[in-house]
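Right, one structure below, let's go through it.
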Amino acid sequence: VQLQASGGGLVQAGGSLTLSCAASGRTFSAYTLGWFRQAPGKEREFVAGLNWSGGTTSYADSVKGRFTVSRDNAKNTVYLQMNSLKPEDTAVYYCAADISPFGITHAYEYEYWGQGTLVTVSS
């Protein structure tokens, strides 16, 4: 699976952005998907994940109620809708995929990664 993230940019605090991650491969629908982020000087952290159907999702506490993850298997695309953005959300955001069952939240558990897209939230 090859992944390509897009949609990052500069936004003011309180604003919204939607990230997209397009995947290649005919078995996209079989993969658990996740979004991670990495701020300067910090480790990569889990943001959100969803299972093969998109029916089960999980979120980091820091983004619950503000971010929504979804997928469209017909388009081989996963999305991250980000609302009420805060300066502390500033980071490079990565999409990831793995054949493991839903529930994986550590970066080392994901085999496939997109190249990352930068989100900058100004105060």
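Along Cα→Cβ, 7 Å out, is where each label goes; now give me the distance between the ones at residue 107 and residue 53 in nm to one decimal.
In this crude label model, residue 107 to residue 53 measures out at 3.2 nm.
Size of the dipole of the chain about the Cα centre, Lys and Arg at +1 and Asp and Glu at -1 on the beta carbon, nothing else charged, in debye to 20?
So the dipole magnitude of the chain works out to roughly 260 debye.
Please tell me the relative contact order of region 26-76 in percent, rounded to the nearest whole number, where contacts are Cα pairs under 8 Å and at least six residues apart.
Once normalised by length, the contact order is 31 percent.
Report the extension gain between residue 81 and residue 64 in nm, rounded to one decimal, defined as 0.36 nm multiplied by the number of residues separating them, less their alpha carbon distance.
Length gained, residue 81 through residue 64: 5.0 nm.
Work out the P(r) tail for the chain: percent of alpha carbon pairs separated by more than 19 Å, whole number.
39
Using alpha-carbon pairs under 8 Å, 6+ residues apart, how would you state the relative contact order of the chain in percent?
Relative contact order comes out at 37 percent.
Excluding ligands, DNA and RNA, what is the solvent-accessible area per residue of region 26-74 at a probe of 1.4 Å, expressed in Å²?
Accessible surface, normalised per residue, equals 53 Å².
Accessible area of the chain with a 1.4 Å probe: how many percent of it is carbon plus sulfur?
49
Take the Cα atoms of region 1-68, find their three principal axes, and give me the spread along each one in whole Å, biggest first.
37, 24, 22
What percentages make up the Cα-Cα pair-distance distribution of region 64-123 when the bins are 5 Å wide from 0?
4, 14, 21, 27, 21, 10, 3, 1
The values are calculated or read from the model by the stated rules, or taken from the named source; none is laboratory data. Just so we're clear, the structure is a prediction, and the values are computed from it rather than from any experiment. Positions of Cβ are generated from backbone atoms using ideal geometry, with glycine treated the same way; all protein chains shown enter the neighbour counts. When the accessible area is computed, the model is the full protein with side chains, heavy atoms only, and any ligands, DNA or RNA have been set aside. Shrake-Rupley method; radii C 1.70, N 1.55, O 1.52, S 1.80 Å.
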